[in-house]
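The block underneath contains the structure these notes are about, expressed in structure tokens.
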Amino acid sequence: MNHLHTEATDALFRTILELKTIDECYAFFEDVCTIKEIQDMTQRLEVAALLHEGQSYVQISAKTGASTATIGRVNKCLNYGAGGYRRALEKKDKEG
């Protein structure tokens, strides 16, 4: 059994999907997460986008300040994960 897929987690994700504006997202995530957690998620998404563009670890580290370990973990998720980064990046690309 996957311990992540629970009714409580489903409720969290449904709540996030109901947020309509950037300001609503800021307010929610500032209440739910620490500033460091938000910064870490932001950095990981930026790293994923740069990897998706084909940039090197050295370039990505210089642009984002991410460690090579973080870049490697994100790259592993891009290549072998659940596909979440790829879907999010594709949707972002379509929106321009």
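At a glance:
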read-out	value
Qualifying residue in the stretch 22-34 (condition: touching a Phe, Trp or Tyr at 6+ places or on another chain (Cβ under 7 Å) and aliphatic (A, V, I, L, M))	no
Pair list, Cβ under 6 Å, 6 or more apart: the stretch 64-75 residue at pLDDT 95 or above and part of a helix (DSSP H, G or I), other residue small (Gly, Ala, Ser) and surrounded by 15 or more Cβ atoms within 10 Å (Cβ to Cβ)	74/48
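The values are calculated or read from the model by the stated rules, or taken from the named source; none is laboratory data. Note that the structure is a prediction, hence the values are computed from the model and not measured. Methodologically, a virtual Cβ is constructed for each residue, glycine included, from the backbone with ideal geometry; neighbour enumeration extends over all protein chains shown.
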